[in-house]
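Peer 1: There's a structure below that I have some questions on.
The values are calculated or read from the model by the stated rules, or taken from the named source; none is laboratory data. Not measured: the values here are computed from a predicted model. Every residue, glycine as well, gets a Cβ built from its backbone with ideal geometry; the counts of neighbours run over all protein chains shown. With ligands, DNA and RNA removed, areas are computed over all heavy atoms of the protein, side chains included. Shrake-Rupley method; radii C 1.70, N 1.55, O 1.52, S 1.80 Å.
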Amino acid sequence: MTALSVPIRQRAADVLAAFGGAPAVPRALRNLPWPVITDADRAAVTAVLDDHLVSNADGETAVSRLENRWAELCGTPACVAVSNGTTALSLALAALGIGPGDEVVVPALSFVASALAPLHQLAVPVFADIDPVSFTLDPDSVAAAITPRTAAILPVHLHGQPADMDRLGALAARHGLAVVEDAAQAHAATWRGRPVGQLGDAGSFSLQATKNLPTCGEGGLVTFTDAAVGARARTVRQFGEVIEPGRDRDYLSHRLGWNHKMSSVQAAFTLSQLDRFPAYEAARQRQVAAFLDRLRSLPGLTPPRVVPGSTHAWHILRFRLDPEAAGLPDVTPGALRRTVHRLLHAEGVPMSRYQIRPLPEQPVFTDRVGFGGGVPWSYAVPAPALPTPVTSAVIDDSLTLQKRHLHPDAGPALERYADAFEKVWANLPTVASMARAR
(Lines give C-alpha, C1' and ligand atoms only; values in the text may rest on other atoms or scores of the structure.)
Protein backbone atom coordinates (compact mmCIF):
# COMPACT_ATOMS: atom_id res chain seq x y z
CA MET A 1 0.00 0.00 0.00
CA THR A 2 1.45 3.37 -1.01
CA ALA A 3 1.46 6.50 1.11
CA LEU A 4 -1.31 7.99 -1.02
CA SER A 5 -3.59 4.94 -0.92
CA VAL A 6 -4.08 4.81 2.86
CA PRO A 7 -7.88 4.47 3.26
CA ILE A 8 -9.79 7.32 4.86
CA ARG A 9 -10.93 6.33 8.35
CA GLN A 10 -13.57 7.80 10.63
CA ARG A 11 -12.63 10.90 12.61
CA ALA A 12 -10.00 10.16 15.27
CA ALA A 13 -11.06 9.94 18.91
CA ASP A 14 -11.51 13.31 20.55
CA VAL A 15 -8.49 12.89 22.86
CA LEU A 16 -5.86 15.25 21.49
CA ALA A 17 -2.64 13.64 20.31
CA ALA A 18 -0.71 16.16 22.41
CA PHE A 19 -2.28 14.47 25.46
CA GLY A 20 -1.87 10.84 24.42
CA GLY A 21 -4.63 10.39 21.85
CA ALA A 22 -4.09 8.82 18.45
CA PRO A 23 -2.96 11.37 15.83
CA ALA A 24 -5.59 12.14 13.22
CA VAL A 25 -3.08 11.98 10.37
CA PRO A 26 -0.96 8.84 9.76
CA ARG A 27 2.70 9.45 9.06
CA ALA A 28 2.32 8.32 5.46
CA LEU A 29 0.09 11.33 4.71
CA ARG A 30 2.09 14.04 6.41
CA ASN A 31 4.67 14.79 3.74
CA LEU A 32 3.41 14.18 0.21
CA PRO A 33 6.10 14.42 -2.50
CA TRP A 34 6.32 17.46 -4.76
CA PRO A 35 7.10 17.77 -7.55
CA VAL A 36 5.75 14.49 -8.87
CA ILE A 37 8.57 13.16 -11.06
CA THR A 38 7.62 10.61 -13.70
CA ASP A 39 9.45 8.54 -16.30
CA ALA A 40 8.30 11.13 -18.85
CA ASP A 41 10.18 13.84 -16.95
CA ARG A 42 13.30 11.69 -16.76
CA ALA A 43 13.09 10.92 -20.47
CA ALA A 44 12.70 14.60 -21.33
CA VAL A 45 15.80 15.52 -19.36
CA THR A 46 17.80 12.65 -20.83
CA ALA A 47 16.77 13.51 -24.38
CA VAL A 48 17.87 17.11 -24.10
CA LEU A 49 21.39 16.01 -23.15
CA ASP A 50 21.84 15.04 -26.80
CA ASP A 51 20.32 18.34 -27.98
CA HIS A 52 21.17 22.00 -27.33
CA LEU A 53 22.22 22.54 -23.72
CA VAL A 54 22.15 26.34 -23.79
CA SER A 55 19.43 28.83 -24.66
CA ASN A 56 21.47 30.82 -27.18
CA ALA A 57 22.00 27.92 -29.62
CA ASP A 58 20.94 28.48 -33.22
CA GLY A 59 17.52 27.04 -33.99
CA GLU A 60 14.74 25.77 -31.75
CA THR A 61 15.68 24.65 -28.23
CA ALA A 62 13.82 23.38 -25.19
CA VAL A 63 14.07 26.92 -23.84
CA SER A 64 12.46 28.51 -26.89
CA ARG A 65 9.73 25.85 -26.91
CA LEU A 66 8.94 26.59 -23.27
CA GLU A 67 8.88 30.34 -23.94
CA ASN A 68 6.47 29.90 -26.84
CA ARG A 69 4.12 27.60 -24.92
CA TRP A 70 3.98 29.86 -21.89
CA ALA A 71 3.44 32.99 -23.99
CA GLU A 72 0.52 31.22 -25.70
CA LEU A 73 -0.98 30.11 -22.38
CA CYS A 74 -0.72 33.63 -20.96
CA GLY A 75 -1.90 35.29 -24.16
CA THR A 76 1.16 37.52 -24.49
CA PRO A 77 3.36 38.28 -27.51
CA ALA A 78 6.60 37.60 -25.66
CA CYS A 79 8.04 35.36 -22.96
CA VAL A 80 11.66 35.20 -21.82
CA ALA A 81 12.96 32.25 -19.80
CA VAL A 82 15.48 33.02 -17.03
CA SER A 83 17.48 31.35 -14.30
CA ASN A 84 15.04 31.85 -11.40
CA GLY A 85 12.05 33.83 -10.16
CA THR A 86 14.12 36.63 -8.65
CA THR A 87 16.00 37.30 -11.88
CA ALA A 88 12.60 37.24 -13.60
CA LEU A 89 11.52 40.23 -11.51
CA SER A 90 14.83 42.04 -11.97
CA LEU A 91 14.78 41.47 -15.73
CA ALA A 92 11.22 42.77 -16.00
CA LEU A 93 12.10 45.97 -14.13
CA ALA A 94 15.27 46.44 -16.18
CA ALA A 95 13.45 45.97 -19.49
CA LEU A 96 10.89 48.59 -18.42
CA GLY A 97 13.62 51.09 -17.58
CA ILE A 98 13.23 51.09 -13.80
CA GLY A 99 16.50 52.31 -12.34
CA PRO A 100 18.43 54.54 -9.92
CA GLY A 101 16.29 56.84 -7.81
CA ASP A 102 12.99 55.29 -8.87
CA GLU A 103 10.51 54.00 -6.33
CA VAL A 104 8.60 50.74 -6.73
CA VAL A 105 5.52 50.07 -4.59
CA VAL A 106 5.51 46.49 -3.24
CA PRO A 107 3.36 44.72 -0.63
CA ALA A 108 4.57 44.45 2.94
CA LEU A 109 3.73 40.73 2.89
CA SER A 110 5.58 38.65 0.33
CA PHE A 111 8.74 36.65 -0.17
CA VAL A 112 11.74 38.94 0.13
CA ALA A 113 12.60 38.68 -3.58
CA SER A 114 9.64 40.93 -4.40
CA ALA A 115 11.39 43.82 -2.65
CA LEU A 116 14.99 42.84 -3.42
CA ALA A 117 14.40 42.99 -7.18
CA PRO A 118 13.94 46.80 -7.17
CA LEU A 119 17.13 47.12 -5.11
CA HIS A 120 18.99 45.13 -7.74
CA GLN A 121 18.01 47.90 -10.17
CA LEU A 122 19.12 50.60 -7.68
CA ALA A 123 15.46 51.49 -7.19
CA VAL A 124 13.84 51.85 -3.77
CA PRO A 125 11.05 49.51 -2.62
CA VAL A 126 8.21 51.41 -0.95
CA PHE A 127 5.91 49.20 1.12
CA ALA A 128 2.13 49.29 1.04
CA ASP A 129 -0.31 47.31 3.17
CA ILE A 130 -2.38 44.33 2.08
CA ASP A 131 -6.05 43.44 1.93
CA PRO A 132 -7.08 41.28 4.93
CA VAL A 133 -8.93 38.73 2.78
CA SER A 134 -6.91 38.38 -0.43
CA PHE A 135 -3.51 39.09 1.23
CA THR A 136 -2.58 41.13 -1.86
CA LEU A 137 -1.84 44.85 -2.30
CA ASP A 138 -4.50 47.17 -0.90
CA PRO A 139 -5.10 49.76 -3.65
CA ASP A 140 -5.88 52.48 -1.09
CA SER A 141 -2.53 51.91 0.61
CA VAL A 142 -0.81 51.93 -2.78
CA ALA A 143 -2.42 55.27 -3.62
CA ALA A 144 -1.06 56.74 -0.38
CA ALA A 145 2.43 55.42 -1.20
CA ILE A 146 2.74 57.05 -4.62
CA THR A 147 5.16 59.98 -4.83
CA PRO A 148 6.67 61.94 -7.74
CA ARG A 149 9.52 59.37 -7.76
CA THR A 150 7.24 56.34 -8.08
CA ALA A 151 7.95 54.51 -11.33
CA ALA A 152 6.21 51.15 -10.92
CA ILE A 153 3.74 49.09 -8.93
CA LEU A 154 4.69 45.48 -8.23
CA PRO A 155 1.54 43.58 -7.21
CA VAL A 156 2.18 40.09 -5.83
CA HIS A 157 -0.48 37.46 -6.53
CA LEU A 158 0.27 36.00 -3.13
CA HIS A 159 -0.45 32.32 -2.50
CA GLY A 160 -2.10 32.13 -5.94
CA GLN A 161 -4.79 34.80 -5.48
CA PRO A 162 -4.57 37.58 -8.10
CA ALA A 163 -4.37 41.12 -6.78
CA ASP A 164 -7.08 43.66 -7.63
CA MET A 165 -5.67 44.44 -11.06
CA ASP A 166 -8.60 46.66 -12.02
CA ARG A 167 -7.93 49.22 -9.32
CA LEU A 168 -4.15 48.85 -9.41
CA GLY A 169 -4.14 49.18 -13.19
CA ALA A 170 -6.26 52.31 -12.95
CA LEU A 171 -3.84 53.81 -10.42
CA ALA A 172 -0.91 53.01 -12.68
CA ALA A 173 -2.59 54.56 -15.71
CA ARG A 174 -3.50 57.70 -13.75
CA HIS A 175 0.10 58.22 -12.62
CA GLY A 176 1.94 56.87 -15.67
CA LEU A 177 3.45 53.89 -13.83
CA ALA A 178 4.66 50.52 -15.05
CA VAL A 179 3.04 47.40 -13.59
CA VAL A 180 5.08 44.25 -12.99
CA GLU A 181 3.07 41.28 -11.80
CA ASP A 182 4.84 38.98 -9.36
CA ALA A 183 3.04 35.77 -10.30
CA ALA A 184 5.61 33.44 -8.77
CA GLN A 185 2.86 31.59 -6.88
CA ALA A 186 -0.02 32.07 -9.31
CA HIS A 187 0.48 29.92 -12.43
CA ALA A 188 -2.80 29.77 -14.41
CA ALA A 189 -4.72 32.01 -11.99
CA THR A 190 -7.09 34.46 -13.66
CA TRP A 191 -8.57 37.89 -13.02
CA ARG A 192 -11.84 38.81 -14.75
CA GLY A 193 -11.30 35.88 -17.11
CA ARG A 194 -7.77 36.90 -18.10
CA PRO A 195 -4.68 34.93 -17.06
CA VAL A 196 -2.11 36.53 -14.81
CA GLY A 197 0.98 37.50 -16.76
CA GLN A 198 -1.00 39.63 -19.24
CA LEU A 199 -2.55 42.02 -16.70
CA GLY A 200 0.36 44.46 -16.48
CA ASP A 201 3.37 45.44 -18.55
CA ALA A 202 5.24 42.31 -17.45
CA GLY A 203 4.55 39.19 -15.43
CA SER A 204 7.20 37.16 -13.64
CA PHE A 205 6.83 33.48 -12.74
CA SER A 206 9.02 31.23 -10.63
CA LEU A 207 9.63 27.62 -11.63
CA GLN A 208 11.42 26.75 -8.39
CA ALA A 209 10.82 23.13 -7.44
CA THR A 210 8.13 23.97 -4.84
CA LYS A 211 5.96 25.92 -7.29
CA ASN A 212 2.75 24.71 -8.96
CA LEU A 213 4.66 24.49 -12.25
CA PRO A 214 8.17 23.37 -11.28
CA THR A 215 11.53 22.69 -12.81
CA CYS A 216 14.26 20.44 -11.46
CA GLY A 217 15.73 23.16 -9.25
CA GLU A 218 15.48 26.85 -10.16
CA GLY A 219 14.00 28.67 -13.12
CA GLY A 220 11.74 31.54 -14.13
CA LEU A 221 9.63 33.00 -16.93
CA VAL A 222 8.78 36.61 -17.78
CA THR A 223 5.88 37.57 -20.02
CA PHE A 224 5.55 40.95 -21.73
CA THR A 225 2.50 42.59 -23.25
CA ASP A 226 4.72 44.67 -25.57
CA ALA A 227 6.85 42.62 -27.95
CA ALA A 228 9.46 45.39 -28.17
CA VAL A 229 9.96 45.35 -24.39
CA GLY A 230 10.24 41.56 -24.57
CA ALA A 231 12.96 41.88 -27.19
CA ARG A 232 14.79 44.34 -24.95
CA ALA A 233 14.54 41.88 -22.07
CA ARG A 234 16.04 39.17 -24.24
CA THR A 235 19.17 41.29 -24.81
CA VAL A 236 19.38 42.16 -21.11
CA ARG A 237 19.16 38.45 -20.26
CA GLN A 238 22.43 37.76 -22.06
CA PHE A 239 25.07 40.44 -21.63
CA GLY A 240 23.17 43.04 -23.66
CA GLU A 241 23.81 41.12 -26.88
CA VAL A 242 21.43 40.82 -29.81
CA ILE A 243 21.25 37.12 -30.61
CA GLU A 244 19.07 36.08 -33.53
CA PRO A 245 18.48 32.66 -35.14
CA GLY A 246 20.55 32.20 -38.30
CA ARG A 247 22.91 35.04 -37.42
CA ASP A 248 26.43 34.47 -36.12
CA ARG A 249 26.99 35.72 -32.60
CA ASP A 250 29.08 38.91 -32.69
CA TYR A 251 29.73 39.23 -28.92
CA LEU A 252 28.80 42.92 -28.96
CA SER A 253 27.02 44.26 -25.87
CA HIS A 254 24.60 47.01 -26.83
CA ARG A 255 23.27 47.73 -23.33
CA LEU A 256 23.90 46.76 -19.73
CA GLY A 257 23.04 43.09 -19.37
CA TRP A 258 23.46 40.08 -17.13
CA ASN A 259 23.72 36.33 -17.49
CA HIS A 260 20.20 35.30 -16.53
CA LYS A 261 19.81 32.41 -18.98
CA MET A 262 17.85 29.22 -18.31
CA SER A 263 19.42 25.88 -19.19
CA SER A 264 17.78 23.46 -21.61
CA VAL A 265 17.68 20.81 -18.87
CA GLN A 266 15.50 23.08 -16.73
CA ALA A 267 13.28 23.89 -19.70
CA ALA A 268 12.88 20.25 -20.76
CA PHE A 269 11.79 19.23 -17.26
CA THR A 270 9.23 22.04 -17.10
CA LEU A 271 7.92 21.26 -20.58
CA SER A 272 7.25 17.69 -19.44
CA GLN A 273 5.55 18.95 -16.27
CA LEU A 274 3.50 21.37 -18.37
CA ASP A 275 1.94 18.43 -20.24
CA ARG A 276 0.35 17.31 -16.94
CA PHE A 277 -0.21 20.76 -15.48
CA PRO A 278 -3.91 21.10 -16.50
CA ALA A 279 -4.80 17.74 -14.92
CA TYR A 280 -2.88 18.54 -11.74
CA GLU A 281 -4.52 21.97 -11.55
CA ALA A 282 -7.99 20.50 -11.98
CA ALA A 283 -7.37 17.94 -9.23
CA ARG A 284 -6.06 20.64 -6.92
CA GLN A 285 -9.10 22.82 -7.46
CA ARG A 286 -11.45 19.95 -6.57
CA GLN A 287 -9.53 18.71 -3.55
CA VAL A 288 -8.73 22.08 -2.01
CA ALA A 289 -12.35 23.22 -2.40
CA ALA A 290 -13.62 20.11 -0.59
CA PHE A 291 -11.03 20.55 2.17
CA LEU A 292 -11.84 24.21 2.77
CA ASP A 293 -15.58 23.58 2.70
CA ARG A 294 -15.23 21.24 5.67
CA LEU A 295 -13.49 23.91 7.72
CA ARG A 296 -15.72 26.93 7.08
CA SER A 297 -18.07 26.14 9.98
CA LEU A 298 -15.34 26.05 12.63
CA PRO A 299 -15.77 29.18 14.80
CA GLY A 300 -12.78 31.50 14.85
CA LEU A 301 -11.11 29.88 11.83
CA THR A 302 -11.11 31.77 8.52
CA PRO A 303 -10.00 29.58 5.61
CA PRO A 304 -8.72 31.29 2.45
CA ARG A 305 -11.34 32.49 -0.02
CA VAL A 306 -11.44 33.25 -3.72
CA VAL A 307 -12.04 36.89 -4.59
CA PRO A 308 -15.15 37.08 -6.82
CA GLY A 309 -14.26 37.37 -10.49
CA SER A 310 -10.95 35.53 -10.08
CA THR A 311 -9.56 32.03 -9.94
CA HIS A 312 -7.06 31.01 -7.26
CA ALA A 313 -4.03 28.81 -7.95
CA TRP A 314 -3.93 27.59 -4.31
CA HIS A 315 -0.16 27.56 -4.09
CA ILE A 316 -0.34 28.19 -0.32
CA LEU A 317 -3.37 27.96 1.97
CA ARG A 318 -3.41 30.63 4.70
CA PHE A 319 -5.79 30.32 7.67
CA ARG A 320 -6.53 33.23 9.97
CA LEU A 321 -7.50 32.72 13.64
CA ASP A 322 -9.97 34.99 15.47
CA PRO A 323 -10.14 34.34 19.24
CA GLU A 324 -13.28 36.43 19.73
CA ALA A 325 -15.17 34.56 17.02
CA ALA A 326 -14.03 31.32 18.66
CA GLY A 327 -15.59 32.46 21.94
CA LEU A 328 -12.21 33.20 23.51
CA PRO A 329 -12.17 37.02 23.86
CA ASP A 330 -9.48 36.96 26.55
CA VAL A 331 -6.98 35.08 24.32
CA THR A 332 -4.63 37.01 22.02
CA PRO A 333 -4.46 36.07 18.33
CA GLY A 334 -0.78 35.19 18.64
CA ALA A 335 -1.38 32.91 21.62
CA LEU A 336 -4.22 31.14 19.82
CA ARG A 337 -2.09 30.72 16.71
CA ARG A 338 0.81 29.23 18.69
CA THR A 339 -1.50 26.84 20.55
CA VAL A 340 -3.36 25.67 17.45
CA HIS A 341 -0.04 25.24 15.65
CA ARG A 342 1.26 23.00 18.43
CA LEU A 343 -1.91 20.89 18.60
CA LEU A 344 -2.25 20.46 14.84
CA HIS A 345 1.40 19.51 14.59
CA ALA A 346 0.83 16.81 17.21
CA GLU A 347 -2.10 15.52 15.14
CA GLY A 348 0.18 15.24 12.11
CA VAL A 349 -0.91 18.32 10.14
CA PRO A 350 2.22 19.98 8.66
CA MET A 351 1.16 23.58 9.29
CA SER A 352 3.81 26.29 9.15
CA ARG A 353 4.26 30.04 9.02
CA TYR A 354 4.95 31.95 5.82
CA GLN A 355 7.05 34.99 6.77
CA ILE A 356 7.51 35.89 10.42
CA ARG A 357 7.68 39.67 10.06
CA PRO A 358 6.61 42.28 7.50
CA LEU A 359 9.10 42.97 4.74
CA PRO A 360 9.72 46.59 5.83
CA GLU A 361 10.92 45.24 9.20
CA GLN A 362 13.55 42.93 7.69
CA PRO A 363 17.14 44.10 8.37
CA VAL A 364 18.01 44.51 4.70
CA PHE A 365 15.40 47.29 4.51
CA THR A 366 15.69 48.78 8.00
CA ASP A 367 19.51 48.96 8.02
CA ARG A 368 19.59 50.40 4.47
CA VAL A 369 23.16 49.37 3.81
CA GLY A 370 22.25 48.42 0.26
CA PHE A 371 25.24 48.68 -2.05
CA GLY A 372 27.14 50.68 0.53
CA GLY A 373 26.71 54.28 1.56
CA GLY A 374 22.97 53.76 1.78
CA VAL A 375 22.58 53.34 -1.98
CA PRO A 376 19.96 53.41 -3.43
CA TRP A 377 18.08 55.16 -0.58
CA SER A 378 20.71 57.91 -0.53
CA TYR A 379 19.76 59.01 -4.06
CA ALA A 380 16.85 60.98 -2.61
CA VAL A 381 15.08 61.58 0.67
CA PRO A 382 12.89 58.49 1.07
CA ALA A 383 9.19 59.00 1.57
CA PRO A 384 8.00 58.39 5.15
CA ALA A 385 7.22 54.74 5.77
CA LEU A 386 3.52 53.93 5.72
CA PRO A 387 1.97 51.87 8.51
CA THR A 388 1.11 48.31 7.53
CA PRO A 389 -1.16 47.12 10.36
CA VAL A 390 -3.04 44.53 8.31
CA THR A 391 0.19 42.82 7.32
CA SER A 392 1.29 42.67 10.96
CA ALA A 393 -2.08 41.28 12.05
CA VAL A 394 -2.12 38.61 9.34
CA ILE A 395 1.38 37.44 10.24
CA ASP A 396 0.45 37.30 13.91
CA ASP A 397 -2.84 35.42 13.61
CA SER A 398 -2.36 33.01 10.71
CA LEU A 399 -0.89 29.65 9.79
CA THR A 400 -0.30 28.16 6.36
CA LEU A 401 -0.37 24.80 4.65
CA GLN A 402 2.31 24.55 2.01
CA LYS A 403 3.21 22.10 -0.75
CA ARG A 404 1.42 18.97 0.56
CA HIS A 405 -1.86 19.87 -1.15
CA LEU A 406 -0.15 20.32 -4.54
CA HIS A 407 0.03 16.57 -5.17
CA PRO A 408 -2.74 15.45 -7.56
CA ASP A 409 -3.67 12.63 -5.16
CA ALA A 410 -3.69 14.78 -2.01
CA GLY A 411 -7.40 14.20 -1.36
CA PRO A 412 -6.96 11.47 1.32
CA ALA A 413 -4.37 13.58 3.14
CA LEU A 414 -6.59 16.65 3.08
CA GLU A 415 -9.46 14.59 4.49
CA ARG A 416 -7.30 13.63 7.43
CA TYR A 417 -6.08 17.20 7.88
CA ALA A 418 -9.72 18.29 8.10
CA ASP A 419 -10.31 15.55 10.70
CA ALA A 420 -7.47 17.03 12.75
CA PHE A 421 -8.85 20.57 12.56
CA GLU A 422 -12.27 19.37 13.67
CA LYS A 423 -10.70 17.37 16.50
CA VAL A 424 -8.83 20.40 17.80
CA TRP A 425 -11.97 22.55 17.59
CA ALA A 426 -13.90 19.86 19.51
CA ASN A 427 -11.47 20.59 22.34
CA LEU A 428 -11.75 24.40 22.40
CA PRO A 429 -11.85 24.58 26.24
CA THR A 430 -8.47 22.83 26.33
CA VAL A 431 -7.21 25.10 23.55
CA ALA A 432 -8.31 28.13 25.55
CA SER A 433 -6.55 26.94 28.72
CA MET A 434 -3.33 26.31 26.84
CA ALA A 435 -3.49 29.66 25.02
CA ARG A 436 -4.06 31.60 28.25
CA ALA A 437 -0.99 29.95 29.75
CA ARG A 438 1.28 30.98 26.89
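Peer 1: Among residues belonging to segment 183-215 that are closer than 16 Å to VAL112 by Cα and of a type in the set (A, V, I, L, M), point out the one that is most open to solvent (accessible area, probe 1.4 Å).
Peer 2: Checked segment 183-215; the qualifying residue most open to solvent (accessible area, probe 1.4 Å) is ALA184.
Peer 1: Given the conditions (1) farther than 28 Å from VAL156 by Cα; (2) in a loop (DSSP other than H, G, I, E, B), which single one is not true for ARG305?
Peer 2: All conditions pass for ARG305, except number (1).
Peer 1: Scan segment 120-158 for residues that are open to solvent by less than 10 Å² (accessible area, probe 1.4 Å) and either at pLDDT below 95 or over 25 Å from ALA189 (Cβ atoms) (or both) and jot them down.
Peer 2: ALA123
Peer 1: Are any residues in segment 58-82 within 19 Å of the chain's Cα centre (by Cα) and surrounded by fewer than 22 Cβ atoms within 10 Å (Cβ to Cβ), and if so, which ones?
Peer 2: Scanning segment 58-82 gives a single hit, LEU73.
Peer 1: Hey, could you check segment 93-113 for residues that are touching a Ser or Thr at 6+ places or on another chain (Cβ under 8 Å) and closer than 12 Å to VAL124 by Cβ and say which is surrounded by the fewest Cβ atoms within 10 Å (Cβ to Cβ)?
Peer 2: Step by step, filter segment 93-113, then rank; the result is ASP102.
Peer 1: Also, quick follow-up: Sort through LEU399, LEU428, LEU336 and tell me the only one that's within 25 Å of the chain's Cα centre (by Cα) and touching a residue at least 24 places away in the same chain (Cβ under 8 Å).
Peer 2: When all the criteria are applied, what remains is LEU399.
Peer 1: Quick check: anything in segment 279-296 without any contact (Cβ under 8 Å) to a residue 40 or more places away in the chain and crowded, with 18+ Cβ neighbours inside 10 Å?
Peer 2: Within segment 279-296 (the criterion being without any contact (Cβ under 8 Å) to a residue 40 or more places away in the chain and crowded, with 18+ Cβ neighbours inside 10 Å), the answer is yes, since at least one residue qualifies.
Peer 1: Considering only segment 216-237, how many residues are open to solvent by less than 60 Å² (accessible area, probe 1.4 Å) and charged (D, E, K, R)?
Peer 2: Here the count works out to 1.
Peer 1: Provide a single number: the residues in segment 365-376 that are touching a helix residue (DSSP H, G or I) at 6+ places or on another chain (Cβ under 7 Å) and not in a loop (DSSP other than H, G, I, E, B).
Peer 2: 1
Peer 1: For the condition of a type in the set (D, E, K, R) and modelled with pLDDT under 95, what is the one hit in ARG436, ARG404?
Peer 2: The match here is ARG436.
Peer 1: Pairs please, first residue from segment 309-323 and open to solvent by less than 20 Å² (accessible area, probe 1.4 Å), second anywhere and modelled with pLDDT under 95 and of a type in the set (Val, Ile, Thr), Cβ atoms under 6 Å, 6+ apart in sequence or on different chains.
Peer 2: none
Peer 1: Suppose the filter is modelled with pLDDT of 95 or more, under 20 Å from HIS52 (Cα atoms), open to solvent by 30 Å² or more (accessible area, probe 1.4 Å) and outside any helix (DSSP H, G or I); does GLU244 pass it?
Peer 2: no
Peer 1: Any chance you could count how many residues in segment 68-94 are more than 22 Å from ALA113 (Cβ to Cβ), in contact (Cβ under 8 Å) with a residue 60 or more places away in the chain and not hydrophobic (A, V, I, L, M, F, W, C)?
Peer 2: 3
Peer 1: In addition: Report the residue count in segment 361-395 for those that are at pLDDT 95 or above, within 30 Å of GLY300 (Cβ to Cβ) and open to solvent by less than 60 Å² (accessible area, probe 1.4 Å).
Peer 2: Counting residues in segment 361-395 that are at pLDDT 95 or above, within 30 Å of GLY300 (Cβ to Cβ) and open to solvent by less than 60 Å² (accessible area, probe 1.4 Å) gives 8.
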